[in-house]
Amino acid sequence: MQGSSGTTIDQFLTWLEHEGKSSNTISTYHQELKKYENWLQQNHRALIDITQRDVQDYILFLEDKGKSPITTDKILGVIRTFAKYLKRPDITFDIKIKQGSKKDEIETLTKEECEALLSEVRESENERNIAIVYMLLHTGIRVSELCALNIADIDFETKQVRVSDTHGDQRIIPLSDEVVHSLSDYMDAIQPQEALFVSKTNERLTERSVQYMLKKFHINAQKLRHTFCQHLIDQGVSLEIVSKLAGHRDINVTKRYAKSRVPETEFENAIRRTFSKDG
């Protein structure tokens, strides 16, 4: 390909515009390609002459810098699009990316683990703690949102709770029968006045005290929230609905739960069955 790499990048950006990419996407592609070009120049290589080896070496360089597999994959996506523009898609074939470590995975409870946890909490015979664990597990709300709840936010007739997040946005979440029962038992026993969940001295519970209580049961609120979202996705609830219920501001956060346990061949078979000429 003729011309300087600067002109090539400009031509590529114009091509992206024609492809209908948004200005944000084009800006991201520009930034990432410039970074790649700088790295290539430092290693006495040129962007317009990149080889598969150049791409793999850059991915290894990013991994050594501690970039996450998700970020590295996005950068590879930019280079892949650039290779497509150069009409040389082969330079991004068979590029190896390290898989995410265990800590990148979402930790959730299985149905059996949920039952064991709820059983253990019920045995504690503490109405408030029972109501809190049911609430976190069956509504997926954050600890901060739980602590901010007032009695007025619970509607026992419609079996719903009104939740406000830190941005001031509100969402309505239906309550399971178990949550309704545990809340009723708790409120009958404690008789809170305004704040829904209170301490022994009748003050609004702090996030720290909730986290401390959960620790006794070897669980944390984040895991309960993840479990709520994962179980809904596993039941076939749409990403849009789960996103709304969980109060995710970006649906990409919800998409993490959809990295389904179905083998990829199942997806392929589904597509073939649906769109085959014999169908």
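The values are calculated or read from the model by the stated rules, or taken from the named source; none is laboratory data. Nothing here was measured: the structure is a model prediction, and the numbers come from that model. Note that each Cβ is placed from the backbone with ideal geometry, even for glycine, and that neighbours are counted across all protein chains shown.
Among the residues of the range 237-251, are any part of a loop (DSSP other than H, G, I, E, B) and over 19 Å from Gln170 (Cβ atoms)? Explain how you work it out, then say what you get.
Taking the range 237-251 first, the residues part of a loop (DSSP other than H, G, I, E, B) are 237-238, 247-250.
Next, from what is left, pick out any that are over 19 Å from Gln170 (Cβ atoms): 237-238.
Scanning the range 237-251 turns up at least one residue that is part of a loop (DSSP other than H, G, I, E, B) and over 19 Å from Gln170 (Cβ atoms).
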Out of (1) in contact with a helix residue (DSSP H, G or I) (Cβ under 7 Å, 6 or more places away or on another chain); (2) assigned to a loop (DSSP other than H, G, I, E, B), what's the single condition that is false for Glu17?
-> (2)
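Kindly indicate the residue of the range 58-73 that is free of Cβ contacts under 8 Å to residues at least 24 places away in the same chain and crowded, with 16+ Cβ neighbours inside 10 Å and also nearest to Thr7 (Cα to Cα) among those meeting that condition. Even if it seems obvious, please write down each step before you answer.
Start the filter on the range 58-73 by keeping residues that are free of Cβ contacts under 8 Å to residues at least 24 places away in the same chain, which leaves 58, 60-62, 64-67, 71.
Now restrict to residues that are crowded, with 16+ Cβ neighbours inside 10 Å: 58, 62, 67.
On the way: Tyr58: 22, Leu62: 25, Lys67: 29 Å.
Going through the qualifying residues, I end up with Tyr58.
A quick yes/no check of all residues on (1) in contact with a Lys or Arg (Cβ under 6 Å, 6 or more places away or on another chain); (2) within 24 Å of Arg162 (Cβ to Cβ); (3) surrounded by 15 or more Cβ atoms within 10 Å (Cβ to Cβ):
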{"residue": "Tyr212", "(1), (2), (3)": "no, no, no"}
{"residue": "Lys223", "(1), (2), (3)": "no, no, yes"}
{"residue": "Val242", "(1), (2), (3)": "no, yes, yes"}
{"residue": "Ala246", "(1), (2), (3)": "no, yes, yes"}
{"residue": "Asn252", "(1), (2), (3)": "no, no, no"}
{"residue": "Lys255", "(1), (2), (3)": "no, no, no"}
Number of positions in the range 74-96 that are of a type in the set (Asp, Glu) and either crowded, with 17+ Cβ neighbours inside 10 Å or free of Cβ contacts under 8 Å to residues at least 40 places away in the same chain (or both) = 1
Quick one: which of Glu125, Glu112, Glu105 is modelled with pLDDT under 95 and on the phi > 0 side of the Ramachandran plot?
-> Glu125
